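The values are calculated or read from the model by the stated rules, or taken from the named source; none is laboratory data. It should be emphasised that the depicted structure is a prediction, and the values quoted were computed from it without experimental measurement. Note that we place each Cβ from the backbone using ideal geometry, even for glycine, and neighbour counts take in every protein chain shown. Just so you know, the surface numbers come from the protein's heavy atoms only, side chains and all, with ligands and any DNA or RNA stripped out. Shrake-Rupley method; radii C 1.70, N 1.55, O 1.52, S 1.80 Å.
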Amino acid sequence: MLTIGLIEDDAACRQEEKQALYKWSEESGEPIKIIDCPSDEAFFFELEAGTTFDILIIDVMLTGSMRGTDLAHRIREADNRVAILFLTQVDDAFQEAFEVGAVQYLIKPVKYPLLRHNMDRALRQLRQDDSGYFTFSQGKGNVKRVFYRDILYFESASQHVIIHMKDESTYDDWRPLKDVEKELPPEFVRAHRSYILNIRHVDRLVSRTACIGSTELPIGRNHLQNVRRAWAEFHV
């Protein structure tokens, strides 16, 4: 069952959005649980109570202590998995949706076909994040596997590849980067002759630099367009 947080301070809009979500649940066959959060305070109360969310639908113009985009930035500091959709009455939230890896932002009142499309997309994203692993040899007959979702990036180093993980650990794969690249799913993007990035973990793009946390990685001129396209596909 998917747990969906609906962070919306307009009661009438919230009711319409819930009806649309239940319609999507019925059509998709995906059971859902909707947690009403009429304010940012209500959302944080749910977090403190131990609620774990799969999808968050956030009104950009919350009337509480912070805007919806500020709330999303706070969420992303602790949770890179949860799918985020923004609700807005204007189309000025695109850049901030981009920065926090929102699945999409929806103009209010929400049109059901667009909500359905983006709920389907969010579900695919969650399932991709929760499955699939990368298998590699560590030499001397030792084989290791790690979840794709936990890999930040691959780095070419002389005759092998360094695998940089989300928990700050590293592993060595004794193959060239071009051979590793052939095995990777679409969220891994060649950004430089020495780097392949997991685009889901890229916090922001600044000129020809990809930022993953405090790590800044160069983007080669010939790869810049592909990196930007991948970002748009997976984050907007």
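In this structure the chain gives 52 Å² per residue of accessible area when probed at 1.4 Å with all protein chains present. Rounded to 0.05, the FRET efficiency of the residue 78 and residue 138 pair, given R0 = 35 Å and the Cβ-Cβ distance, is 0.65.
Work out the length of the dipole vector of the chain about its Cα centre, built from +1 on the beta-carbon of each Lys and Arg and -1 on the beta-carbon of each Asp and Glu, and round it to the nearest 20 debye.
That gives a dipole near 1240 debye.
Simple rule: put +1 on each Lys or Arg Cβ and -1 on each Asp or Glu Cβ in the chain, find the dipole, and look at 136, 72, 118; the Cα lying farthest toward the positive end is 136.
For residue 111, the lysines whose Cα falls under 24 Å of its own Cα, not counting residues fewer than eight places away in the same chain, are 18, 23, 33. With a simple spin-label model that places each label point 7 Å from the Cα along the Cα-to-Cβ direction, the separation between residue 216 and residue 45 comes to 4.3 nm. Neighbours of residue 208, meaning other residues whose beta-carbon lies under 11 angstrom from its beta-carbon, give a summed charge of +1 when Lys and Arg score +1 and Asp and Glu score -1.
With contacts taken as Cα pairs under 8 Å and at least 6 residues apart, the chain reaches a relative contact order of 13 percent. Counting only protein heavy atoms and a probe of 1.4 Å, the accessible surface of the chain is 48% carbon and sulfur. Per-residue ellipticity at 222 nm computed for the chain from its helices equals -10000 deg cm²/dmol, with DSSP H segments shorter than 4 residues left out and the rest contributing -39,500 (n - 2.57).
Could you tell me which label, among (i) 19.3, 64; (ii) 18.8, 69; (iii) 17.1, 51, carries the value of Rg and Dmax of the Cα atoms in Å calculated for this structure? Here Rg and Dmax of the Cα atoms in Å agrees with entry (i). Straightening the chain between residue 178 and residue 203 buys 6.5 nm, computed as 0.36 nm per residue apart minus the Cα-Cα spacing. Label sites at residue 147 and residue 19, each approximated as a point 7 angstrom past Cα along Cα to Cβ, lie 3.8 nm apart.
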